[in-house]
Amino acid sequence: MRSLKGKRPIPGTIIFDGSQAIRGYQLNKMCYSFNKAENRDAFLKDEDGYCDKYGLNDDQRAAVKERDVLKLLGLGGNIYYLAKLTGIFGLNMQDIGAQQAGVSLEEFKAKLLAAGET
Amino acid sequence: MRSLKGKRPIPGTIIFDGSQAIRGYQLNKMCYSFNKAENRDAFLKDEDGYCDKYGLNDDQRAAVKERDVLKLLGLGGNIYYLAKLTGIFGLNMQDIGAQQAGVSLEEFKAKLLAAGET
Amino acid sequence: MARLIGGVGSSHVPAIGNAIERNLQSDPYWQPFFKGYEPVWNWMEEKKPDVAILVYNDHGLNFFLDAMPTFAIGAAAEYQNADEGWGLKPLDPFQGDPEFSWHLIDSLVHDEFDITMCQEMKVDHGFTVPMSLMWPRQQGRDRVKVIPLCVNVVQYPFPTARRCLKLGEAVGRAVASYEADLDVVILGTGGLSHQLDGQRAGHTNREFDTEFLDRLKDDPEWLLKYSNYELAEKVGPQGVEMIMWLIMRGALGNDIRELSRNYHIPISNTAAGVILFENEAV
Amino acid sequence: MARLIGGVGSSHVPAIGNAIERNLQSDPYWQPFFKGYEPVWNWMEEKKPDVAILVYNDHGLNFFLDAMPTFAIGAAAEYQNADEGWGLKPLDPFQGDPEFSWHLIDSLVHDEFDITMCQEMKVDHGFTVPMSLMWPRQQGRDRVKVIPLCVNVVQYPFPTARRCLKLGEAVGRAVASYEADLDVVILGTGGLSHQLDGQRAGHTNREFDTEFLDRLKDDPEWLLKYSNYELAEKVGPQGVEMIMWLIMRGALGNDIRELSRNYHIPISNTAAGVILFENEAV
Ligand SMILES: [Fe+3]
Ligand SMILES: [Fe+3]
């Protein structure tokens with residue numbers, strides 16, 4: 001997004017602006033389709049074919065295969081759409097939070113609990 | 001639409017406001033589907049079945065059967081969506097203009113040409 | 001004339017819906033969160049509002065990036081919840097008030113707000129979780145008609161905090177000008193601080209949230225000094241949802257009383273807040 | 001920096017697309033209409049703008065009443081035309097400028113316009129007819145990148161004429177702040193007076209249209225004294241499309257020159273107008 005140009009980056013954070021939206025359009029469109037159970041099933045049956053249908057690029061395919069949320073974010077994925085992809089593998093927001101933060105689920109939860117103790 | 005309440009009516013004119021939009025939602029939705037050739041074909045093959053699918057009420061069905069644009073407008077149709085319905089029967093904007101004005105196509109065209117002569 | 005009798009700010013994360021589905025309200029993890037809603041339940045029970053204007057954001061159920069509205073308002077007779085892909089059980093449909101919706105839309109567009117008008121609209125957890133939280137019993141939920149007001153806080157640029165506050169003020173004027181004998185509440189939902197994406201996932205900011213809650217009643221303009229980008233740094237990219245509380249706050253005007261408040265970390269990856277205002281002017 | 005070098009107001013009815021398809025430009029019915037575009041063709045040929053911001057309305061191809069935006073802006077790399085149901089042959093796709101689109105959207109949302117952002121968007125005759133009219137040859141059309149700006153003039157409430165003029169002013173600021181060496185034109189399309197629906201179908205209003213054209217350069221505010229309802233009475237419910245010309249006019253600022261103008265009744269059921277402004281400030 002133009003208006004983010006020259007802004008100081010926020011550590012550990014990717015803002016989903018126009019540039020990211022351009023990069024990730026097809027990826028997010030695929031993830032949006034996972035609102036429907038039949039599409040989730042179709043993806044599970046033939047992951048490559050499903051990625052073909054939505055025209056994902058090679059990097060995006062590889063990151064989908066690795067279930068690597070940080071990579072997918074970098075490739076234009078938006079977290080709300082990506083959650084519909086990771087949901088297929090039984091990963092919830094806390095699971096992918098831990099994955100992105102690079103800690104175990106227990107550590108991730110413990111950090112949040114600690115933030116609750118003043 | 002609330003803000004049209006108490007307004008002096010415009011002769012020979014129905015404003016497509018919220019009240020009309022509520023009334024005509026299913027009718028307009030059916031007409032919107034006629035952007036696709038396969039839907040136009042399906043309508044032509046089974047008009048009643050197609051109207052069923054979109055949940056038109058009896059008055060709307062009857063007006064569709066009669067290709068009566070004025071009635072359809074009164075029942076919540078919007079002219080741009082209705083044009084997709086009348087297009088199926090080969091009627092263009094001038095044909096349905098004449099129909100609504102209650103004159104022949106020649107008279108309708110002549111009136112427009114007359115407006116062009118100052 | 002319609003009366004805006006009060007407003008609530010509330011979180012709306014899916015995990016809450018999950019906890020309600022599984023009846024975990026008195027579980028030690030959840031009890032400090034749900035107890036904050038008791039004053040709201042009592043107030044709703046006492047006031048029995050007729051209509052709720054629910055300010056929320058869609059998280060990818062009804063809207064996609066092909067056409068993402070800044071502000072969308074529902075004008076349907078019924079709103080369906082649906083499968084969002086990761087397992088929350090859809091709730092029963094919600095009854096709309098199309099006449100009131102159209103009045104609101106007319107009034108706002110006349111006031112130079114560029115509304116996307118929705119005669120068909122699925123509502124996601126951002127809408128359903130607050131409904132379950134305000135009206136835990138189906139009977140209460142069925143009694144209140146709803147008007148969804150959906151805000152883009154997914155795709156930058158989001159509306160500015162200032163624009164949200166102004167939209168709220170215009171909503172307040174629109175309610176006051178509606179010629180129907182109705183008691184109306186407005187719910188501002190989302191937030192408070194949280195971050196779902198990136199290495200900083202799990203970030204919360206108690207200090208900022210607390211100041212936001214402290215200032216919301218008498219100094220809502222305080223939030224306007226932060227751009228949405230600066231807010232993302234402070235409260236996380238998803239914490240920026242708190243700008244939707246300003247729409248609720250703007251609608252209420254300045255003659256209000258804070259009846260209750262609660263703040264709790266963590267609920268899933270978020271800091272959860274709830275605040276109840278009553279309008280003293282009506 | 002990008003320069004807004006000029007603007008055109010133009011009709012956009014499907015019958016024009018039909019006439020172009022059938023090569024009827026010198027037919028006696030069509031000649032008085034098409035001759036009005038010669039100065040525009042020459043000007044476009046001379047100026048060779050890089051980008052066209054095209055203000056138009058969708059007539060039921062891309063948007064339906066389930067979600068009808070007041071203002072929608074395209075941010076796609078390509079825009080497809082498609083079957084509208086009644087037989088106009090779809091034109092070749094148009095090339096977008098997503099970077100510029102996002103700059104425009106960012107700037108407008110920052111300026112408190114509540115834009116619906118469209119990364120995928122079909123464009124109908126309201127868009128394609130002006131493109132064929134401005135650039136009759138495919139080569140010219142292929143050279144210019146486009147940004148569709150779609151306005152609701154289908155479902156009441158429409159944006160007010162005042163809001164349209166203000167949006168135009170904000171578009172002007174957005175173009176001026178875009179850091180790319182580009183010549184930009186803006187096209188305001190639709191109108192002039194016409195009525196497609198009701199017993200009064202075929203209504204036109206030469207007197208009103210003429211005053212509108214006379215005042216557009218130096219006194220565009222003149223139109224603001226009419227509500228959209230009053231305008232519908234004067235120029236027909238579809239004639240209200242002329243408010244989209246105010247977006248073009250607002251973008252240009254006040255240092256402009258009128259280079260040409262034409263007005264002709266009838267084209268199909270409408271009064272057709274075209275006007276060309278050059279920006280003297282750039
Ligand atoms: Fe949310
Ligand atoms: Fe038009």
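Things worth noting here:
- Residues located in segment C:213-236, provided they are more than 10 Å from chain A (Cβ to nearest Cβ) and within 16 Å of ligand 1 (Cβ to nearest atom): C:L231, C:V235
- Failed item in (1) hydrophobic (A, V, I, L, M, F, W, C); (2) within 16 Å of ligand 2 (Cβ to nearest atom); (3) buried (at least 24 other Cβ atoms within 10 Å of the Cβ), with D:V171 passing the rest: (2)
- Restricting attention to segment D:164-210, the residues that are within 14 Å of chain B (Cβ to nearest Cβ), part of a loop (DSSP other than H, G, I, E, B) and of a type in the set (D, E, K, R) add up to 2.
- Identity of the residue in segment C:245-270, away from every other protein chain (no Cβ under 14 Å) and within 16 Å of the chain's Cα centre (by Cα), that ends up nearest to ligand 1 (Cβ to nearest atom): C:W245
- Flag if C:L24 is within 16 Å of ligand 1 (Cβ to nearest atom) and hydrophobic (A, V, I, L, M, F, W, C): no
- Exclusive hit being buried (at least 21 other Cβ atoms within 10 Å of the Cβ), of a type in the set (G, A, S), closer than 22 Å to C:F71 by Cβ and within 16 Å of ligand 1 (Cβ to nearest atom), set C:G239, C:G273: C:G239
- Enumeration of residues in segment C:123-155 that are charged (D, E, K, R) and in contact (Cβ under 8 Å) with a residue 40 or more places away in the chain: C:D124, C:R141, C:D142, C:R143, C:K145
- Some residue of segment D:62-80 being at positive phi and either crowded, with 24+ Cβ neighbours inside 10 Å or away from ligand 2 (no atom under 16 Å from the Cβ) (or both): no
- Test for D:A251: is it under 30 Å from D:S26 (Cβ atoms), modelled with pLDDT of 95 or more, crowded, with 21+ Cβ neighbours inside 10 Å and of a type in the set (G, A, S): no
- Checking the stated criteria, A:R61 turns out not to satisfy the condition of being in contact with a Phe, Trp or Tyr (Cβ under 8 Å, 6 or more places away or on another chain), surrounded by fewer than 22 Cβ atoms within 10 Å (Cβ to Cβ) and not β-branched (V, I, T).
- In summary, D:D218 fulfils each of the numbered conditions (1) within 16 Å of ligand 2 (Cβ to nearest atom); (2) without any contact (Cβ under 8 Å) to a residue 12 or more places away in the chain; (3) of a type in the set (D, E, K, R) with the single exception of condition (1).
- Neighbours by Cβ (under 8 Å, 6+ apart or cross-chain): first from segment A:19-43, more than 11 Å from A:N78 (Cα to Cα); second charged (D, E, K, R): A:M30/A:K53; A:F34/A:R40; A:F34/A:K84; A:N35/A:K84; A:N35/C:D83; A:N35/C:E84; A:K36/C:D83; A:A37/C:D83
- Inter-residue pairs, beta-carbon under 8 Å, first free of Cβ contacts under 8 Å to residues at least 12 places away in the same chain and within 7 Å of chain C (Cβ to nearest Cβ) and in segment D:105-122, second crowded, with 24+ Cβ neighbours inside 10 Å and among the polar types (S, T, N, Q), 6+ apart: D:V109/C:T70
- Filtered residue count, segment C:42-61, keeping only those that are touching a Lys or Arg at 6+ places or on another chain (Cβ under 6 Å) and either within 14 Å of another protein chain (Cβ to nearest Cβ) or within 16 Å of ligand 2 (Cβ to nearest atom) (or both): 1
- Residues of segment D:183-222 that are among the acidic types (D, E), closer than 26 Å to D:G172 by Cβ and surrounded by 20 or more Cβ atoms within 10 Å (Cβ to Cβ): D:D209 alone.
- Residue that is nearest to ligand 1 (Cβ to nearest atom) [pool: residues in segment D:27-53 that are buried (at least 21 other Cβ atoms within 10 Å of the Cβ) and outside any helix (DSSP H, G or I)]: D:I53
- The lone exception for C:F158 - which of (1) among the aromatic types (F, W, Y); (2) in a loop (DSSP other than H, G, I, E, B); (3) in contact with a Phe, Trp or Tyr (Cβ under 7 Å, 6 or more places away or on another chain) it fails: (3)
- Matching entry among D:I53, D:I16, D:I73 (being modelled with pLDDT of 95 or more and farther than 30 Å from C:L149 by Cα): D:I16
- Residues (buried (at least 24 other Cβ atoms within 10 Å of the Cβ) and either within 14 Å of another protein chain (Cβ to nearest Cβ) or among the β-branched types (V, I, T) (or both)) located in segment D:1-12: D:V8, D:S11, D:H12
- Residue within segment D:240-256 that is without any contact (Cβ under 8 Å) to a residue 24 or more places away in the chain, more than 16 Å from ligand 2 (Cβ to nearest atom) and of a type in the set (S, T, N, Q) present: yes
- The criterion of at least 3 residues that are in contact with a Leu (Cβ under 7 Å, 6 or more places away or on another chain) and within 7 Å of chain D (Cβ to nearest Cβ) is met by the following helices (runs of 4 or more DSSP H) wholly inside segment B:1-97: B:18-33.
- Members of segment D:81-99 that are within 16 Å of ligand 2 (Cβ to nearest atom) and of a type in the set (G, A, S): D:G85
- Considered as a group, the residues in segment A:98-118 that are in contact with a helix residue (DSSP H, G or I) (Cβ under 7 Å, 6 or more places away or on another chain) and in a loop (DSSP other than H, G, I, E, B) include one that is farthest from C:G202 (Cα to Cα), and that residue is A:T118.
- Within segment C:156-176, residues that are on the phi > 0 side of the Ramachandran plot and β-branched (V, I, T) reach no partner that is modelled with pLDDT of 95 or more and crowded, with 24+ Cβ neighbours inside 10 Å with beta carbons closer than 8 Å at six or more positions or on different chains.
The values are calculated or read from the model by the stated rules, or taken from the named source; none is laboratory data. This structure is a prediction, so every number in the text was calculated from the model and none was measured. Cβ coordinates were reconstructed from backbone atoms using ideal geometry, including for glycine residues, and neighbour counts include every protein chain displayed.
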